[in-house]
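The values are calculated or read from the model by the stated rules, or taken from the named source; none is laboratory data. Just so we're clear, the structure is a prediction, and the values are computed from it rather than from any experiment. Because the Cβ atoms are built from the backbone with ideal geometry, glycine has one as well, and the counts that use them run over all protein chains shown.
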Amino acid sequence: MTDILDLFPQYAEELKLLRKTAREFAQRNFSPELARELDKKEEFPWDLYRKAGELGLLAPSIPTEYNGGGFSTYLADIVVTEELVRAEPTLGTAIMSGPFSSHLLYFFGTEEQKKKYLPPVYKGETTFFGAYTEPEHGTDITQLNTVAERKGDKFIIRGMKTFITNAPTAKYGVLLAQTEPEKRHRGQTLFIIHTDWPGVTIRKLTGKMGQRSIPVGEIYLDNVEVPIDYVVGGEKGINQGFYWTLAYFNVSRIGPAAMAVGLMLSAFDKALEYAKKRVQFGQQIINFQLIQEKLGRMAMLIEAARSLVYRAAYYVDDYIKFKIDPRAMAAITSAAKVFATDAANQVIDDAIQIHGGYGYFEEFDVERYWRDHRVTRIYEGTNEINLLTIVDALRRDVWKP
């Protein structure tokens with residue numbers, strides 16, 4: 001059988017071993033029963049998260065000095081994400097979302113900041129958050145209501161962030177605030193924020209449609225005093241927040257795309273197995289041409305999405321070495337994110353349809369896969385804004401198909 005990793009011969013063997021490690025970890029620890037339980041309780045799989053950290057699965061491409069996996073290519077992150085999500089979408093997405101936004105600190109933090117804050121995350125001791133979204137500023141973060149006012153060698157931060165992944169479970173994370181409001185996006189700065197600091201209040205948000213094992217919350221900041229040492233990147237990071245956030249998104253939006261591929265594969269596995277077992281009119285339903293048409297299109301969409309996602313991930317290695325124009329990289333990863341998540345919408349819906357009435361009940365899991373998938377078309381930039389990002393690159397002649 002063909003293997004997509006063979007398209008990257010310089011990494012193929014080590015990535016296959018990594019995939020094997022991730023697969024065996026999932027086989028030992030994942031179960032639909034656990035996923036259903038945590039989905040209902042809206043609980044994070046702490047035990048699995050810590051075990052994944054022990055195996056170096058939480059940040060495969062981060063150097064070992066920060067407790068990462070030490071792989072030399074970002075493809076490693078995609079391999080693990082796809083494998084764990086395929087094994088069990090609810091558990092896989094939760095585990096791989098635990099370190100969310102920690103790569104931003106790896107890219108732009110000082111050496112002291114990275115050594116202090118990254119190892120506990122990648123060991124599975126804490127999650128991490130990236131606080132960008134506000135009630136009045138979701139897709140548009142060019143002007144924020146959260147303000148950081150400088151007072152000597154510290155900042156006083158006031159404001160609120162919402163829909164913040166891992167806010168209820170993380171000990172700390174990064175937060176984007178206006179340091180010079182009159183400059184709009186040119187006057188934004190990233191700060192490291194601890195959730196137990198005076199003036200910081202976290203409120204967990206419940207009742208989500210899907211990805212219910214991934215904790216999400218609101219962060220309230222009431223005159224929080226933040227020493228200048230907690231500016232991401234130190235003094236040079238002041239007023240660089242908007243640009244560094246976009247640079248990080250150029251990489252991070254591949255995450256939902258990889259999750260979408262894993263979700264599609266899991267739904268396809270279930271649908272194919274069911275079609276071979278389910279008997280109607282005296283024969284397996286896989287013999288019916290309309291079922292065959294669905295399975296054929298599902299396989300086609302998965303292959304196309306997977307190829308696009310892996311290609312985008314491969315480019316990350318050059319992007320972080322400043323070999324690719326940021327707007328071109330934004331277009332490449334936006335294309336992967338939009339295509340993969342839109343494809344997942346169709347593939348998982350077809351999986352439910354193949355199951356018929358059973359697909360609508362939790363026992364057969366595919367309804368949960370659809371709920372877990374749906375938000376991938378919204379977070380990390382809505383698919384609509386990502387399409388505009390693609391057109392921006394085309395208009396500027398920095399990228400084209």
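Give just the number: which of (1) free of Cβ contacts under 8 Å to residues at least 60 places away in the same chain; (2) crowded, with 21+ Cβ neighbours inside 10 Å; (3) in a loop (DSSP other than H, G, I, E, B) does Ile95 not satisfy?
(3)
Here are Ala312, Ala340: which of them is in contact (Cβ under 8 Å) with a residue 60 or more places away in the chain and of a type outside the set (Ser, Thr, Tyr)?
From the options Ala312, Ala340, the qualifying one is Ala340.
Being at pLDDT 95 or above, within 30 Å of Thr189 (Cβ to Cβ) and of a type in the set (D, E, K, R) narrows it down to one of Lys337, Lys321, Lys277, so name that one.
Exactly one of Lys337, Lys321, Lys277 is at pLDDT 95 or above, within 30 Å of Thr189 (Cβ to Cβ) and of a type in the set (D, E, K, R), namely Lys337.
Among the residues of segment 18-31, which ones are in contact with a helix residue (DSSP H, G or I) (Cβ under 6 Å, 6 or more places away or on another chain) and outside any helix (DSSP H, G or I)?
Passing the criteria: only Phe30.
Which of the residues that make up segment 349-375 are at negative phi and small (Gly, Ala, Ser)?
Ala351, Gly357, Gly359
Please give the number of the condition Thr73 fails out of (1) part of a loop (DSSP other than H, G, I, E, B); (2) without any contact (Cβ under 8 Å) to a residue 12 or more places away in the chain.
Here Thr73 clears every test but (2).
Quick one: in segment 129-146, of everything that is among the β-branched types (Val, Ile, Thr) and crowded, with 17+ Cβ neighbours inside 10 Å, which residue is farthest from Asp222 (Cα to Cα)?
Looking at the filtered set, the residue picked out is Ile141.
From Ala340, Ala393, grab the single residue that is buried (at least 23 other Cβ atoms within 10 Å of the Cβ) and part of a helix (DSSP H, G or I).
Selected residue: Ala340, the only one of Ala340, Ala393 that is buried (at least 23 other Cβ atoms within 10 Å of the Cβ) and part of a helix (DSSP H, G or I).
Output the qualifying pairs, or none if there are none: Cβ atoms under 8 angstrom, residues six or more apart or on different chains, first residue in segment 165-194 and touching a residue at least 24 places away in the same chain (Cβ under 8 Å) and in a strand (DSSP E or B), second residue surrounded by 17 or more Cβ atoms within 10 Å (Cβ to Cβ) and basic (Lys, Arg).
Note: pairs meeting the criteria are Leu175/Lys161.
What is the number of the single condition among (1) buried (at least 20 other Cβ atoms within 10 Å of the Cβ); (2) touching a helix residue (DSSP H, G or I) at 6+ places or on another chain (Cβ under 9 Å); (3) within 20 Å of Arg374 (Cα to Cα); (4) not β-branched (Val, Ile, Thr) that Gly217 does not meet?
Condition (2) is where Gly217 drops out.
Looking at Lys154, Lys208, can you tell me which residue is among the basic types (Lys, Arg) and out of contact with any Asp or Glu (no Cβ under 7 Å at 6 or more places or on another chain)?
Just one listed residue meets the conditions, Lys208.
Just one of Arg371, Arg396 is closer than 30 Å to Tyr319 by Cα, at pLDDT 95 or above and not polar (S, T, N, Q); which is it?
Arg396
Evaluate the following for Ala304: is it assigned to a helix (DSSP H, G or I) and either of a type in the set (Lys, Arg) or surrounded by 20 or more Cβ atoms within 10 Å (Cβ to Cβ) (or both)?
Against the criterion (assigned to a helix (DSSP H, G or I) and either of a type in the set (Lys, Arg) or surrounded by 20 or more Cβ atoms within 10 Å (Cβ to Cβ) (or both)), Ala304 does not qualify.
Could you pull out the residue among Ile62, Ile78, Ile4, Ile95 that is more than 30 Å from Lys208 (Cα to Cα) and within 20 Å of the chain's Cα centre (by Cα)?
So the residue among Ile62, Ile78, Ile4, Ile95 that is more than 30 Å from Lys208 (Cα to Cα) and within 20 Å of the chain's Cα centre (by Cα) is Ile62.
Determine which member of the set Leu75, Leu15, Leu34 is touching a helix residue (DSSP H, G or I) at 6+ places or on another chain (Cβ under 9 Å), closer than 23 Å to Asp365 by Cβ, at pLDDT 95 or above and surrounded by 15 or more Cβ atoms within 10 Å (Cβ to Cβ).
Leu34
Does Asp372 fit the bill of being within 19 Å of Ser97 (Cβ to Cβ), in contact with a helix residue (DSSP H, G or I) (Cβ under 9 Å, 6 or more places away or on another chain) and charged (D, E, K, R)?
Answer is yes for this residue.
Does Ala299 fit the bill of being surrounded by fewer than 16 Cβ atoms within 10 Å (Cβ to Cβ), assigned to a helix (DSSP H, G or I) and of a type in the set (A, V, I, L, M)?
When the stated conditions are applied, Ala299 passes them.
Quick check on segment 179-199: of everything there that is under 25 Å from the mean Cα position of the chain (by Cα) and crowded, with 17+ Cβ neighbours inside 10 Å, which residue is nearest to Ser102 (Cα to Cα)?
Ile192
Quick one: Ala59 ticks every box in (1) under 25 Å from Ala26 (Cβ atoms); (2) in contact with a Gly (Cβ under 9 Å, 6 or more places away or on another chain); (3) assigned to a helix (DSSP H, G or I) except a single one, so which number is it?
Here Ala59 meets the rest and fails (3).
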